[in-house]
Amino acid sequence: LPEAPLTYLDHAATSPLRPEAAAAMAAARAGPLGNPTGSHPAAQRARRILEEARDEVAGLLDRAPSDIVFTSGGTESDNLAVAGTVRTALARSDAAVGVVSSAVEHPAVREACRAAARDDRVTWVETPVDGAGVVDIGALADGLGTSTVLVAVMLANNETGTVQPLEKIVDSVRARCDAAVLTDAVQAAPFLPLEMTSAADMVSLSAHKVGGPVGVGVLAVSASVELTPVLWGGGQERTRRSGTQDVVGAAGMAAALGAACVEREAAAARVGALRDRLAHSLLRALPTAVRTVPAGTEVLPGHLHLCLPGVDREELLVVLAERGVCASGGSSCASGALEPSHVLASMGVEETRARGAVRFSLGPATVAGDVERAAALVVEAVASLRRDL
Ligand code: PLP
């Protein structure tokens, strides 16, 4: 590790554990914890903690506790939503099954759709986005048909932070077909009101993006959606997700999400102001740098996605890492991968520009000093690396 203090601007990849989550997890661990399916006192205690966590998450999402499925994270939630919906439709009849997603979905949705489409009866269509990464609702509507069983559009993008007009999208879907709508709200949860997901039939969340533990997630599923499980076994989570539940993790997730909701508005304003300050400093000092998402687009307050012409992203990230600045090339899950981002490609960002694309993502723990330090070090690093192409 570098000797300098770390300047952590990679909250979209994972965020530090909130004290509220740590306290809830410690409290859960402080007594006997059995398997929540059992009947003795230790099992009863575990069940009570799990159900309290479920009630809290359900309340925050304004859904019934029975809608809440605890999973191992955002990836599993997305996979369960996609595979579970498609498998149910395939089992019902021999008819063709359609899946529509936005072109900028996280790989947890995208690859689950690709896997589902390996069945000859399943057709998967990716809906284009504009230069800001916003879904083209007209094109989405054109892709819908009576065979469409699932539409997946994330609430906010993990790379660019672009927010989708989810309510309008859901209205457009409802006007044309009976498809279930999945929204991946993993990135949006720290900053956007969860009411924004209320029109969707399924909502994916991940604890570690809101200051909870890694390895816990939620899929909220409306009663109208019949999911075929991906994991088979003891029938936990009303048969939708077998496996002994992570009671401590669920308690941590509920506490983190609760704390995020309480401070959401204030955090969004404060973090947004810091992000704007970082953008201002970098764009002033680096005249060829451009914000990837055009002005006027609704973007999450913690995200700053820049294209730095003449700079190789991987080299820049290494230099920054040596100086204690933690940033990312975009998709955290593909970090280190040299493949071009499908998100930037679908926004029409040329490959040469995409090569110099970096994501700085701020979180509730970011302070003004982080932004000042990062700005100075990024400018220095870019000057040392820039090659005029
Ligand atoms: N969906 C989005 C939008 C994400 O950003 C991520 C993680 O980066 C995931 C899903 C996967 O979540 P998890 O890391 O909990 O599997």
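Hey, could you check the range 91-117 for residues that are more than 25 Å from the chain's Cα centre (by Cα) and without any contact (Cβ under 8 Å) to a residue 24 or more places away in the chain and say which is most open to solvent (accessible area, probe 1.4 Å)?
Residues of the range 91-117 more than 25 Å from the chain's Cα centre (by Cα): 91-97.
This time we only want the ones that are without any contact (Cβ under 8 Å) to a residue 24 or more places away in the chain, so: 92-93.
Working: Arg92: 167, Ser93: 53 Å².
Checking each candidate, the answer is Arg92.
Taking the criterion of being open to solvent by 10 Å² or more (accessible area, probe 1.4 Å), within 20 Å of Asp62 (Cβ to Cβ), assigned to a loop (DSSP other than H, G, I, E, B) and within 15 Å of the ligand (Cβ to nearest atom), would at least one residue in the range 168-186 satisfy it?
Yes; the residues of the range 168-186 include at least one that is open to solvent by 10 Å² or more (accessible area, probe 1.4 Å), within 20 Å of Asp62 (Cβ to Cβ), assigned to a loop (DSSP other than H, G, I, E, B) and within 15 Å of the ligand (Cβ to nearest atom).
Any chance the range 218-227 includes a residue that's in a loop (DSSP other than H, G, I, E, B), modelled with pLDDT under 95 and not hydroxyl-bearing (Ser, Thr, Tyr)? If you could, list the steps in order and put the result at the bottom.
Narrowing the range 218-227 to residues in a loop (DSSP other than H, G, I, E, B): 222-227.
Now restrict to residues that are modelled with pLDDT under 95: none.
Within the range 218-227, none of the residues are in a loop (DSSP other than H, G, I, E, B), modelled with pLDDT under 95 and not hydroxyl-bearing (Ser, Thr, Tyr).
Any chance you could count how many residues in the range 37-64 are part of a helix (DSSP H, G or I) and open to solvent by 60 Å² or more (accessible area, probe 1.4 Å)?
Within the range 37-64, the first condition is being part of a helix (DSSP H, G or I), and the residues that meet it are 41-61.
From the residues that got through so far, the ones that are open to solvent by 60 Å² or more (accessible area, probe 1.4 Å) too are 41, 44, 47-48, 51-52, 55-56.
Selection size over the range 37-64: 8.
Search the range 198-231 for residues being within 13 Å of the ligand (Cβ to nearest atom) and of a type in the set (S, T, N, Q), and hand back the single one that is surrounded by the fewest Cβ atoms within 10 Å (Cβ to Cβ).
Ranking the qualifying residues of the range 198-231, first place goes to Ser206.
Does Glu237 count as among the acidic types (Asp, Glu) and outside any loop (DSSP other than H, G, I, E, B)? Reasoning before the result, please.
Working: among the acidic types (Asp, Glu): yes; outside any loop (DSSP other than H, G, I, E, B): no.
So Glu237 fails the test.
Somewhere in the range 188-196, is a residue away from the ligand (no atom under 14 Å from the Cβ), among the acidic types (Asp, Glu) and more than 17 Å from Asp62 (Cα to Cα)? Walk me through it before giving the result.
First pass over the range 188-196, keeping only residues away from the ligand (no atom under 14 Å from the Cβ): 193-196.
The next check asks that each one be among the acidic types (Asp, Glu); those that pass are 195.
If we keep only those that are more than 17 Å from Asp62 (Cα to Cα) too, we end up with none.
No: zero hits.
Go through the range 94-114 and give me each residue that's of a type outside the set (A, V, I, L, M) and within 16 Å of the ligand (Cβ to nearest atom). Don't jump to the end; show me each part of the working.
Initial filter on the range 94-114 (of a type outside the set (A, V, I, L, M)): 94, 98, 101-102, 105-107, 110-111, 113-114.
The answer is Ser101, Ser102, Glu105, His106, Pro107, Arg110, Glu111, Cys113, Arg114.
Looking at the range 195-214, I want the residues that are farther than 18 Å from Ala152 by Cβ and have a partner that is assigned to a helix (DSSP H, G or I) and open to solvent by 30 Å² or more (accessible area, probe 1.4 Å) with Cβ atoms under 6 Å, at least 6 apart or on another chain. Which pairs are those?
The qualifying pairs are Val214/His208.
Residues in the range 69-93 that are within 16 Å of the ligand (Cβ to nearest atom) and not in a helix (DSSP H, G or I): how many?
Looking only at that region, the number is 5.
Given (1) touching a Pro at 6+ places or on another chain (Cβ under 8 Å); (2) under 17 Å from Pro190 (Cβ atoms), identify the lone condition not met by Leu50.
Status for Leu50: all satisfied but (2).
If you check Leu282 against the conditions, is it in contact with an Asp or Glu (Cβ under 9 Å, 6 or more places away or on another chain), open to solvent by less than 20 Å² (accessible area, probe 1.4 Å) and under 22 Å from Thr160 (Cβ atoms)? Spell out how you get there, then give the answer.
Working: in contact with an Asp or Glu (Cβ under 9 Å, 6 or more places away or on another chain): no; open to solvent by less than 20 Å² (accessible area, probe 1.4 Å): yes; under 22 Å from Thr160 (Cβ atoms): yes.
So Leu282 does not fit the description; no.
Please indicate, with yes or no, whether at least one residue in the range 239-250 is within 16 Å of the ligand (Cβ to nearest atom), among the basic types (Lys, Arg) and surrounded by 16 or more Cβ atoms within 10 Å (Cβ to Cβ).
Yes.
Taking the range 298-314 only, how many residues are at pLDDT 95 or above and either surrounded by fewer than 17 Cβ atoms within 10 Å (Cβ to Cβ) or over 25 Å from the mean Cα position of the chain (by Cα) (or both)?
Matching residues across the range 298-314 total 1.
I need a count of the residues in the range 361-375 that are within 10 Å of Thr7 (Cβ to Cβ), crowded, with 16+ Cβ neighbours inside 10 Å and out of contact with any helix residue (DSSP H, G or I) (no Cβ under 6 Å at 6 or more places or on another chain).
Of the residues in the range 361-375, 3 are within 10 Å of Thr7 (Cβ to Cβ), crowded, with 16+ Cβ neighbours inside 10 Å and out of contact with any helix residue (DSSP H, G or I) (no Cβ under 6 Å at 6 or more places or on another chain).
Identify the residue in the range 9-35 that is over 23 Å from Gly258 (Cβ atoms) and more than 18 Å from the chain's Cα centre (by Cα) and, among all such residues, is most open to solvent (accessible area, probe 1.4 Å).
First pass over the range 9-35, keeping only residues over 23 Å from Gly258 (Cβ atoms): 9-10, 32, 34-35.
If we keep only those that are more than 18 Å from the chain's Cα centre (by Cα) as well, we get 32, 34-35.
Working: Pro32: 82, Gly34: 22, Asn35: 62 Å².
Going through the qualifying residues, I end up with Pro32.
The values are calculated or read from the model by the stated rules, or taken from the named source; none is laboratory data. The structure presented is a predicted model; accordingly, all values stated were derived computationally and were not measured. Positions of Cβ are backbone-derived with ideal geometry, glycine not excepted, and every protein chain shown enters the neighbour counts. For the accessible areas, the whole protein counts, side chains as well, though only heavy atoms, and no ligand, DNA or RNA atoms are used. Shrake-Rupley method; radii C 1.70, N 1.55, O 1.52, S 1.80 Å.
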